[in-house]
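K.L.:
Structure incoming, see below.
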Amino acid sequence: MSEIQVGRSDSLSDSSIPNPFFHRVTVSALDKLQILVMSVTVFPLRAVLLLVCLFLMWIASTIATYGLTADRKKPMSGWRREMKIIVRSLIRGVLFACGYHRIRVVDSSCHLPGVSKTRAPIVVGAPHTSFFDAIIMFACEDFPTGVSRIENGEIPFLGVTVKFTQPVYVMREDRMSRQKTIGELKRRATSDDSWPEIVIFPEGTCTNGQSLIAFKPGIVVIIMFC
């Protein structure tokens, strides 16, 4: 049996408090055998499904975003908005290929019948543990958007899908980016336009999911007043 450990942060000296940045991965002999067998049986099939879904998602997103600018101030409408059904289905295929075979929604205020978007303009996800937290979109009736680094829009294949969601972009080089991001989130959350729900992860970073860390102050203000 082997273990991989990431040490405790110096700022978290109290051992009674779970360290949200401490990860321990235990791999038994049986786990290693399963990895070996699955690598030559199931993995190739999943890899093919993953690549097919990503390729089709790229095509659909490219068509839907053709002619649109990144600074568009209005939500998508018409046939472009209907393309979200296709992209959402392909994202579900990607998650299936990655092992998320069944997604069960227990409860969600933005999913319950009769609850309008004006009551839940912002969907909060916490604790934030990985990229796969995007699975929260399947708890929303519409295809939600979020906050993203502007560099993510340039990622090969995936970047165009990021643009398709019309995220609120963050530019780290811009000193005023934080204020602009907060302002844009508030504008969309209180707008009369048919913007989809905005998914945010207010911790601002990933943890091991064992505890919550402090939310970013600006996000707290938006949650309180939207």
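K.L.:
Being among the hydrophobic types (A, V, I, L, M, F, W, C), over 14 Å from Ile122 (Cα atoms) and either buried (at least 16 other Cβ atoms within 10 Å of the Cβ) or modelled with pLDDT under 65 (or both) is the filter here; which residues of the stretch 214-223 pass it?
P.N.:
The one that is among the hydrophobic types (A, V, I, L, M, F, W, C), over 14 Å from Ile122 (Cα atoms) and either buried (at least 16 other Cβ atoms within 10 Å of the Cβ) or modelled with pLDDT under 65 (or both): Phe215.
K.L.:
Has the stretch 190-209 got at least one residue that is assigned to a helix (DSSP H, G or I) and either aromatic (Phe, Trp, Tyr) or open to solvent by 40 Å² or more (accessible area, probe 1.4 Å) (or both)?
P.N.:
The answer is no; no qualifying residue exists.
K.L.:
Taking the stretch 36-84, which residues are without any contact (Cβ under 8 Å) to a residue 12 or more places away in the chain, within 20 Å of the chain's Cα centre (by Cα) and open to solvent by 70 Å² or more (accessible area, probe 1.4 Å)?
P.N.:
Correct list: Leu51 only.
K.L.:
One residue is enough: does the stretch 126-148 have a residue meeting the conditions among the hydrophobic types (A, V, I, L, M, F, W, C), open to solvent by 30 Å² or more (accessible area, probe 1.4 Å) and over 23 Å from Tyr100 (Cβ atoms)?
P.N.:
The answer is no; no qualifying residue exists.
K.L.:
Given the condition open to solvent by less than 80 Å² (accessible area, probe 1.4 Å), of a type in the set (Ser, Thr, Tyr), in contact with a Phe, Trp or Tyr (Cβ under 8 Å, 6 or more places away or on another chain) and farther than 30 Å from His23 by Cα, answer yes or no: does some residue in the stretch 153-161 qualify?
P.N.:
Within the stretch 153-161, one or more residues are open to solvent by less than 80 Å² (accessible area, probe 1.4 Å), of a type in the set (Ser, Thr, Tyr), in contact with a Phe, Trp or Tyr (Cβ under 8 Å, 6 or more places away or on another chain) and farther than 30 Å from His23 by Cα.
K.L.:
Given the condition modelled with pLDDT under 80 and more than 19 Å from the chain's Cα centre (by Cα), answer yes or no: does some residue in the stretch 90-112 qualify?
P.N.:
yes
K.L.:
For the stretch 158-182, how many residues are at pLDDT 85 or above and either part of a loop (DSSP other than H, G, I, E, B) or among the β-branched types (Val, Ile, Thr) (or both)?
P.N.:
Count: 7.
K.L.:
Another question about this same structure. Would you kindly identify the helices (runs of 4 or more DSSP H) lying entirely within the stretch 14-98 that contain at least 1 residues that are of a type in the set (Phe, Trp, Tyr)?
P.N.:
Fully inside the stretch 14-98 and qualifying: 42-65, 78-97.
The values are calculated or read from the model by the stated rules, or taken from the named source; none is laboratory data. Fair warning: this is a prediction, and the values are worked out from it, not measured in the lab. Glycine gets a Cβ as well: all are built from the backbone with ideal geometry, and neighbour counts include every protein chain shown. Accessible surface is based on the protein model in full, side chains and every heavy atom, while ligands, DNA and RNA are left aside. Shrake-Rupley method; radii C 1.70, N 1.55, O 1.52, S 1.80 Å.
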